[in-house]
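The values are calculated or read from the model by the stated rules, or taken from the named source; none is laboratory data. Because the structure is predicted, anything quoted here is derived from the model rather than measured. Because the Cβ atoms are built from the backbone with ideal geometry, glycine has one as well, and the counts that use them run over all protein chains shown.
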Amino acid sequence: MEKLYVKAENGRFVLQTENSELTNLVLKNKKGVTTFNKIDSLTWYVEVNDVANLMTIKQEDRVNIYYGDNSKEISIDNFDIQFVNSPQLLAGDTLIY
């Protein structure tokens, strides 16, 4: 199973794969969609404020990560997810993780 590395740095959530170039990488929830920015063929990022804009203020909320033309969800069923550091960032006064 391919490893997917997740880290938080410089106000961004960064995803990196070992071998696969993920196309159409997005965050989605009932409120909307945010597209990841490509750093190189194996690395993408999304700004913490873009994630926060999908969240409902002062409520537990979540977004899911999807990739590919068929919007396949990233999960532990198809990736070995490795946290490089604690993926927590502040967006204003709100902790996003």
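The residues listed here are LYS7, LYS28; of these, the one that is surrounded by 15 or more Cβ atoms within 10 Å (Cβ to Cβ) and closer than 14 Å to ILE81 by Cβ is LYS7. The requirement of being basic (Lys, Arg) and surrounded by fewer than 12 Cβ atoms within 10 Å (Cβ to Cβ) is fulfilled nowhere in the range 64-74; no residue meets it. Would you mind stating whether GLU60 is at pLDDT 85 or above and of a type in the set (Asp, Glu)? Judged against the criteria, GLU60 is not a match. Being farther than 19 Å from ASP80 by Cα and touching a helix residue (DSSP H, G or I) at 6+ places or on another chain (Cβ under 6 Å) narrows it down to one of THR34, THR56, so name that one. Of THR34, THR56, the one residue that is farther than 19 Å from ASP80 by Cα and touching a helix residue (DSSP H, G or I) at 6+ places or on another chain (Cβ under 6 Å) is THR34. Considering the range 8-63 alone, what residues qualify as being of a type in the set (D, E, K, R) and farther than 18 Å from SER75 by Cα? If the condition is that a residue be of a type in the set (D, E, K, R) and farther than 18 Å from SER75 by Cα, then GLU9, ARG12, LYS30, LYS31, LYS38, ASP40, GLU47, ASP50, LYS58, GLU60 are the ones that fit. Note on the range 1-59: residues that are among the charged types (D, E, K, R) and within 20 Å of SER71 (Cβ to Cβ) amount to 7.
Restricting the search to strands (runs of 3 or more DSSP E) fully inside the range 12-52 and requiring at least 3 residues that are over 11 Å from the mean Cα position of the chain (by Cα) and not small (Gly, Ala, Ser) gives 37-40.
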